[in-house]
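Worksheet for the structure shown next.
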Amino acid sequence: MTTDEQLVERNILHYEARLKHVDELFEKAHKAVETTAPEASEELNELKKERGKLADDLEKLKQKSLEEWAKEGGPMVIWDLLAERLEKLVERLEK
């Protein structure tokens with residue numbers, strides 16, 4: 001495996017770790033919505049749709065060649081924004 005291939009693999013592993021973190025936040029948010037804040041269910045549903053899109057993007061990234069990766073980069077900013085919104089929702093719901 002070349003250095004470029006290792007970098008791509010590392011990025012994919014990083015994205016998968018981010019997705020796992022997002023899923024953990026979803027579990028917390030879902031529990032909080034069920035027990036204390038049903039009014040936040042619409043926001044949670046919107047975030048779930050975004051999570052689905054990101055998971056689809058990750059699957060597409062796994063299929064790309066090194067050249068495609070070099071041209072397009074990755075969706076890290078979107079992952080960060082989604083995780084940030086989820087963290088704020090969880091914090092708000094757990095207070």
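Using Cα springs under 10 Å in a Gaussian network model of the chain, which residue among E67, E84, E46 shows the largest mean-square fluctuation? Its mean-square fluctuation being the largest, the pick is E67. Once all protein chains are placed together, K60 keeps about 130 Å² accessible to a 1.4 angstrom probe.
With +1 on the Cβ of every Lys and Arg and -1 on the Cβ of every Asp and Glu, and nothing else charged, how large is the dipole of the chain about its Cα centre, in debye rounded to the nearest 20?
Values: 17 positive and 24 negative charges, 22 e Å.
Dipole of the chain, to the nearest 20 debye: 100 debye.
Its DSSP H runs of at least 4 residues, each contributing -39,500 (n - 2.57), put the calculated 222 nm mean residue ellipticity of the chain at -30000 deg cm²/dmol, to the nearest 500.
The values are calculated or read from the model by the stated rules, or taken from the named source; none is laboratory data. For clarity, every value in this text was computed on a predicted model and none was experimentally measured. Quick reminder, even Gly has a Cβ in these numbers, built from the backbone with ideal geometry, and neighbours come from all protein chains shown. Please note that ligands, DNA and RNA were not included when accessible areas were found on the heavy atoms of the full protein model with its side chains. Shrake-Rupley method; radii C 1.70, N 1.55, O 1.52, S 1.80 Å.
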